[in-house]
Amino acid sequence: MFFFDRHEQRRKTSVRVIIASVLVVFVGLAIFFGARTVFTNLALGDKGITLGVVRHDSPRALGGFSFSDEKGQTHTLDAWHGQIVILNLWGTWCPPCREEMPALGRLQSDLTGESIVVLTINLDRPGQRPPALWLQEAGLENLPAFHGQNKVILGATNTSVVPTTLILDRQGFERARITGAANWDSKRLRMLIAYYANNKE
């Protein structure tokens, strides 16, 4: 009985140490990113968040970059000035990217008529299979088949992981980012988007 009590006490201590370590990591991320809040799948309670959601204290400017559509026409984010932009960076070679695409497609459909748009920019290397074909085969023709130079866009957005999704305000500033695949059907993510859509700053 004494052995069991000591074993149980050690187990509880180990659990406390693990929880404390996880909290330290989350706080460190918040400090590193200068963020007001760091959400993870534990906080969101929705399956699908890989690394987390970071909301910034103040708007963050992106570096300049352009991207092209399936016809080869060049675009910049200025074309969507005045709208809330859900900017998703992805690759066809990336399983988590492909997994979240159907939910992004549903999000795009649900936002029809709203001043919110989902922009998906593929970062595959030149010469690979066009992303438009993958989207078509997946039944996701409602998502734009934009393509951009990965080094340029990753540098301009300060991104090192795909998928990464940025939530941009009506002036084109980054207000939040989701690192990793996300469940875009989740109520909490929908509420986060609605928060910025209703924010008139």
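Per the conditions (1) in the same structural domain as residue 182 (by TED's automatic domain parsing); (2) part of a helix (DSSP H, G or I); (3) at pLDDT below 55, the sole criterion not satisfied by residue 49 is (2). Based on this model, can you work out whether residue 185 counts as of a type in the set (Asp, Glu), farther than 22 Å from residue 69 by Cα and not in a helix (DSSP H, G or I)? The answer is yes for residue 185. Scanning the stretch 90-112 turns up no residue that is closer than 24 Å to residue 56 by Cβ and β-branched (Val, Ile, Thr). Here residue 78 fulfils each of the conditions (1) touching a residue at least 40 places away in the same chain (Cβ under 8 Å); (2) under 22 Å from residue 149 (Cβ atoms); (3) surrounded by 17 or more Cβ atoms within 10 Å (Cβ to Cβ) apart from (3).
State all residues of the stretch 191-201 that are without any contact (Cβ under 8 Å) to a residue 12 or more places away in the chain and assigned to a helix (DSSP H, G or I); if no residue qualifies, say none. Selection gives 191, 194, 195, 198.
Suppose we keep only residues that are basic (Lys, Arg) and either in contact with a helix residue (DSSP H, G or I) (Cβ under 9 Å, 6 or more places away or on another chain) or touching a residue at least 24 places away in the same chain (Cβ under 8 Å) (or both) within the stretch 135-178. Which one would you say is surrounded by the fewest Cβ atoms within 10 Å (Cβ to Cβ)? Even if it seems obvious, please write down each step before you answer.
Kept after step one, since they are basic (Lys, Arg), are these residues of the stretch 135-178: 151, 170, 175, 177.
Still in the list and also either in contact with a helix residue (DSSP H, G or I) (Cβ under 9 Å, 6 or more places away or on another chain) or touching a residue at least 24 places away in the same chain (Cβ under 8 Å) (or both): 170, 175, 177.
Details: 170: 17, 175: 22, 177: 22.
Per the criteria, the residue is 170.
The values are calculated or read from the model by the stated rules, or taken from the named source; none is laboratory data. In this text, all values refer to a predicted model and were calculated from it rather than measured experimentally. With ideal geometry, Cβ positions are generated from the backbone for all residues, glycine too; neighbour counts draw on all protein chains shown.
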